[in-house]
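A.B. asks: The structure is given below, and queries will be raised subsequently.
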């Protein structure tokens, strides 16, 4: 079967869930002709096929790029240098350097930042009759945490958070005259300046640690800081926004969490599964191979649709429902294999804090407008989700 699965218009309505469910259930392998992707690509959808694609022993690489548009003949310029698009020894080096800044071990140091940011979010929402959480809430918490990890001074965080929101789908009125691409360029300029400062005045932050290692060029430091900023912000923000969608769509969730706070850990996993902000990942075959019964040629790109695999009804009972106590929950929301999301522990801490606070302080959430999805084949996220809250 041939279908242009790169078309972002396919992902602006709930219809995609029916499409993905059908493809996952039939173990479909679909070819998309050249278009957004210069050479075309294969797609897999079932939990089994996506897991096979991302397996450590699978004959695939991320070094050409990890999203639709890249392949063996059209490689990401950061391939082999940036954590998410590197393999082997260099990937291990970067994981050892960056991992401690994103691990559970570092979470206590970030607790005060996390608590203060959630408190500010709650107080701001209490002062408003309605809040568009996709714009005003979702982006703030992960961006604040990532800024702390990278070492962005407090006085500069608001500006970087606003730039990040705009560069990756936000709608900040102060940036009306700047395109998202221009906002991303401004972020890179900012990192250049921050790197120069940390070369003169090192601190206990990620930039200083990468510079001190000696194996990374300043350009390597730059692209990996950009990777951490994007990875730490762009997916978690949509799980945070999605939490409010869950509170509205499944009204018993808040009371269940309020009655049993210990449920939060399992609810976090279910939130990542149900929202699946990283819609797809791409790999390129390093040799002729087979997935299921489909032959894949060396150099061909294969896309694993994580969001489809996370609603595979053969693995998840009642997959479209949000079940806060779901167990087992072998979701692929953070990927799997050697490129399992390095920031997963930090994302879990952020989401757990949000669930604890909102279940303690609110009884319910009501929609105050339309749910608008982002027009994107990469990020399954919200461009608008206006809500009002029934506070306890």
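A.B. asks: Are any residues in the range 56-73 at pLDDT 95 or above and surrounded by fewer than 20 Cβ atoms within 10 Å (Cβ to Cβ), and if so, which ones?
C.D. replies: Those that are at pLDDT 95 or above and surrounded by fewer than 20 Cβ atoms within 10 Å (Cβ to Cβ): 58, 59, 61.
Condition check ((1) surrounded by 19 or more Cβ atoms within 10 Å (Cβ to Cβ); (2) touching a residue at least 24 places away in the same chain (Cβ under 8 Å); (3) closer than 21 Å to residue 134 by Cβ) across all residues:
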{"site": "316", "(1), (2), (3)": "yes, yes, no"}
{"site": "340", "(1), (2), (3)": "no, no, no"}
{"site": "354", "(1), (2), (3)": "yes, yes, yes"}
{"site": "360", "(1), (2), (3)": "no, yes, no"}
{"site": "370", "(1), (2), (3)": "no, no, yes"}
{"site": "376", "(1), (2), (3)": "no, yes, yes"}
{"site": "382", "(1), (2), (3)": "yes, yes, yes"}
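A.B. asks: Can you tell me which of 128, 116 is part of a helix (DSSP H, G or I) and in contact with a helix residue (DSSP H, G or I) (Cβ under 9 Å, 6 or more places away or on another chain)?
C.D. replies: 116
A.B. asks: Please specify each residue of the range 99-109 satisfying the condition of being crowded, with 16+ Cβ neighbours inside 10 Å and touching a helix residue (DSSP H, G or I) at 6+ places or on another chain (Cβ under 6 Å).
C.D. replies: 101, 102, 107, listed by residue number.
A.B. asks: Hey, can you tell me all the residues within the range 249-272 that are modelled with pLDDT of 95 or more, closer than 25 Å to residue 381 by Cα and not in a helix (DSSP H, G or I)?
C.D. replies: Of everything in the range 249-272, just one residue is modelled with pLDDT of 95 or more, closer than 25 Å to residue 381 by Cα and not in a helix (DSSP H, G or I), namely 250.
A.B. asks: Please go through the range 159-180 and give me each residue that is under 20 Å from residue 277 (Cβ atoms), modelled with pLDDT of 70 or more and surrounded by fewer than 16 Cβ atoms within 10 Å (Cβ to Cβ), ordered by number.
C.D. replies: Residue satisfying the conditions is 180 alone.
A.B. asks: Pull up the range 25-35, narrow it to residues that are free of Cβ contacts under 8 Å to residues at least 40 places away in the same chain and touching a helix residue (DSSP H, G or I) at 6+ places or on another chain (Cβ under 9 Å), then point me to the one that is surrounded by the fewest Cβ atoms within 10 Å (Cβ to Cβ).
C.D. replies: My answer is 30.
A.B. asks: I've got another one for you. Out of (1) at pLDDT 95 or above; (2) within 24 Å of residue 144 (Cα to Cα); (3) in contact with a strand residue (DSSP E or B) (Cβ under 9 Å, 6 or more places away or on another chain), the odd one out for residue 357 is which?
C.D. replies: It is condition (3) that residue 357 fails.
A.B. asks: So for the range 229-248 (the condition being within 30 Å of residue 210 (Cα to Cα) and part of a strand (DSSP E or B)), does at least one residue qualify?
C.D. replies: Within the range 229-248 (the criterion being within 30 Å of residue 210 (Cα to Cα) and part of a strand (DSSP E or B)), the answer is no, since none of the residues qualifies.
A.B. asks: Can you go through 118, 84, 93, 113 and tell me which one is over 20 Å from the mean Cα position of the chain (by Cα), surrounded by 15 or more Cβ atoms within 10 Å (Cβ to Cβ) and either under 27 Å from residue 162 (Cβ atoms) or without any contact (Cβ under 8 Å) to a residue 40 or more places away in the chain (or both)? Full working, then the answer.
C.D. replies: Values: 118 fails: over 20 Å from the mean Cα position of the chain (by Cα); 84 fails: over 20 Å from the mean Cα position of the chain (by Cα); 93 fails: either under 27 Å from residue 162 (Cβ atoms) or without any contact (Cβ under 8 Å) to a residue 40 or more places away in the chain (or both).
Sole residue among the options that is over 20 Å from the mean Cα position of the chain (by Cα), surrounded by 15 or more Cβ atoms within 10 Å (Cβ to Cβ) and either under 27 Å from residue 162 (Cβ atoms) or without any contact (Cβ under 8 Å) to a residue 40 or more places away in the chain (or both): 113.
A.B. asks: Just for the range 127-155: of the residues that are in contact (Cβ under 8 Å) with a residue 24 or more places away in the chain and surrounded by fewer than 17 Cβ atoms within 10 Å (Cβ to Cβ), which one is nearest to the chain's Cα centre (by Cα)?
C.D. replies: 130
A.B. asks: Here's a follow-up. Going by the conditions given, is residue 208 more than 20 Å from the chain's Cα centre (by Cα), part of a helix (DSSP H, G or I), more than 30 Å from residue 73 (Cα to Cα) and modelled with pLDDT under 95?
C.D. replies: no
A.B. asks: Quick one: in the range 273-291, of everything that is out of contact with any helix residue (DSSP H, G or I) (no Cβ under 6 Å at 6 or more places or on another chain) and not in a strand (DSSP E or B), which residue is farthest from residue 49 (Cα to Cα)?
C.D. replies: So the residue we want is 274.
A.B. asks: Could you tell me how many of the residues in the range 212-223 are within 18 Å of residue 152 (Cα to Cα), surrounded by fewer than 18 Cβ atoms within 10 Å (Cβ to Cβ) and touching a helix residue (DSSP H, G or I) at 6+ places or on another chain (Cβ under 8 Å)?
C.D. replies: 1
A.B. asks: Something else about it: Being touching a strand residue (DSSP E or B) at 6+ places or on another chain (Cβ under 6 Å) and surrounded by fewer than 22 Cβ atoms within 10 Å (Cβ to Cβ) is the filter; apply it to the range 252-290 and report the residue that is nearest to residue 71 (Cα to Cα).
C.D. replies: Selected residue: 286.
A.B. asks: Among the candidates 38, 8, which residue alone is in contact (Cβ under 8 Å) with a residue 24 or more places away in the chain, surrounded by fewer than 17 Cβ atoms within 10 Å (Cβ to Cβ) and within 21 Å of the chain's Cα centre (by Cα)?
C.D. replies: 8
The values are calculated or read from the model by the stated rules, or taken from the named source; none is laboratory data. Remember, predicted model here, so these are calculated numbers, not experimental data. Please note: Cβ atoms are built from the backbone with ideal geometry, for glycine as well, and neighbour counts cover all protein chains shown.
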